[in-house]
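The values are calculated or read from the model by the stated rules, or taken from the named source; none is laboratory data. No experiment lies behind these values; they were computed from the predicted model shown. Glycine gets a Cβ as well: all are built from the backbone with ideal geometry, and neighbour counts include every protein chain shown.
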Amino acid sequence: MQRSWRNTLSTILMIAALGNAQAAQPVPTPFTVTLSAEFRGLSAGKLIFSFSHDAVTGQYTYETRANPSTLARLIVSRDALERSVMTIDDHGVHPVHWKVEDGKSGTKEDGELTFDATTGRVRGRLKNKEVDLPLEAGVQDRISVQIAIMTALVRGVEPGTIPMVDDDHIKYYLYRKKATETLDTKIGKLETVIYEGTREGSNRVSRFWLAPSLGYAPVRAEQERKGKVETVMTLLELTR
């Protein structure tokens, strides 16, 4: 009788575990991508984007680093860094801590934010201003939003409107699919989907070429201002 009870319990636990595994939503595969950057037609060097997973903490880290050209070093430091630590669950991407350093003396362009689910607040400092905002559902920082878009797409969901902490405010960006395009890249031909990010009242447009075969990793990006493309980034290397 006791053995039968144990067998029944084991079966129930196994079925529950299988159900949980099937219910888990996919997450973008960790990657490192290197993009060449141009600003207004001039070479600005390279940008390195790295998305990684810590198996111990269960957290994910998305980080951007610059390797500026000789000319661009007048504006961007080799020590510039932007990093977002986040969790990802069935409900999406949840930033935990965000940090940016421009690599130069002073703190004018530096910032740090903590997304505290316990208090329901986003607190920190950015560009020498104190930040204290409500932790809205789905809110992202400046780079976790890229992982939020990828996560939605690998799950077959459109990103739609995403709230983001921008300076000391929460602003709302709409991300829409505009087209598909086959790109000739340094790693071969890639089928891509093009998404645009816009904000009401802004003259800036962000445009991303994402490769479904690479888990929607970015392989090209453009920043447009007042109808003119200012920044172009193109794929040099990608590892997964």
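Only one of these is of a type in the set (S, T, N, Q), on the phi < 0 side of the Ramachandran plot and either out of contact with any strand residue (DSSP E or B) (no Cβ under 7 Å at 6 or more places or on another chain) or surrounded by 19 or more Cβ atoms within 10 Å (Cβ to Cβ) (or both): 119, 87. Name it.
Working: 87 fails: either out of contact with any strand residue (DSSP E or B) (no Cβ under 7 Å at 6 or more places or on another chain) or surrounded by 19 or more Cβ atoms within 10 Å (Cβ to Cβ) (or both).
119 is the lone residue from the list that is of a type in the set (S, T, N, Q), on the phi < 0 side of the Ramachandran plot and either out of contact with any strand residue (DSSP E or B) (no Cβ under 7 Å at 6 or more places or on another chain) or surrounded by 19 or more Cβ atoms within 10 Å (Cβ to Cβ) (or both).
Only one of 151, 114 is on the phi < 0 side of the Ramachandran plot and surrounded by fewer than 19 Cβ atoms within 10 Å (Cβ to Cβ). Can you tell me which?
On the way: 151 fails: surrounded by fewer than 19 Cβ atoms within 10 Å (Cβ to Cβ).
Matching residue, one of 151, 114: 114.
With the structure loaded, tell me whether residue 136 is touching a strand residue (DSSP E or B) at 6+ places or on another chain (Cβ under 6 Å), outside any strand (DSSP E or B) and more than 18 Å from residue 197 (Cα to Cα) or whether it fails that test.
Yes; evaluated as a whole, the condition is true for this residue.
Return the residue satisfying two criteria in turn: it lies in region 104-123 and is assigned to a strand (DSSP E or B) and in contact (Cβ under 8 Å) with a residue 24 or more places away in the chain, and of such residues it is nearest to residue 170 (Cα to Cα).
Taking region 104-123 and keeping what is assigned to a strand (DSSP E or B), we get 111-116, 121-123.
Those left that are additionally in contact (Cβ under 8 Å) with a residue 24 or more places away in the chain: 113, 115, 122.
On the way: 113: 13, 115: 13, 122: 10 Å.
Of everything passing the filter in region 104-123, 122 is nearest to residue 170 (Cα to Cα).
Taking the stated definitions as given, is residue 142 surrounded by 17 or more Cβ atoms within 10 Å (Cβ to Cβ), in a strand (DSSP E or B) and of a type outside the set (A, V, I, L, M, F, W, C)?
Details: surrounded by 17 or more Cβ atoms within 10 Å (Cβ to Cβ): yes; in a strand (DSSP E or B): no; of a type outside the set (A, V, I, L, M, F, W, C): yes.
Spelling it out, it is not the case that residue 142 is surrounded by 17 or more Cβ atoms within 10 Å (Cβ to Cβ), in a strand (DSSP E or B) and of a type outside the set (A, V, I, L, M, F, W, C).
Restricting attention to region 168-217, which residues are over 30 Å from residue 110 (Cα atoms) and without any contact (Cβ under 8 Å) to a residue 12 or more places away in the chain?
Selection gives 182, 184, 188, 189.
Out of (1) at pLDDT 95 or above; (2) in contact with a Pro (Cβ under 6 Å, 6 or more places away or on another chain), the odd one out for residue 85 is which?
Condition not satisfied by residue 85: (2).
Quick one: in region 61-82, of everything that is surrounded by fewer than 17 Cβ atoms within 10 Å (Cβ to Cβ) and aliphatic (A, V, I, L, M), which residue is modelled with the highest pLDDT?
Only one residue tops the list, namely 81.
Picking from 192, 239, 234, which residue would you name as being in contact with a Phe, Trp or Tyr (Cβ under 8 Å, 6 or more places away or on another chain), surrounded by 13 or more Cβ atoms within 10 Å (Cβ to Cβ), among the hydroxyl-bearing types (Ser, Thr, Tyr) and farther than 15 Å from residue 146 by Cα? Spell out how you get there, then give the answer.
Numbers: 239 fails: surrounded by 13 or more Cβ atoms within 10 Å (Cβ to Cβ); 234 fails: in contact with a Phe, Trp or Tyr (Cβ under 8 Å, 6 or more places away or on another chain).
Going through 192, 239, 234 in turn, the sole match is 192.
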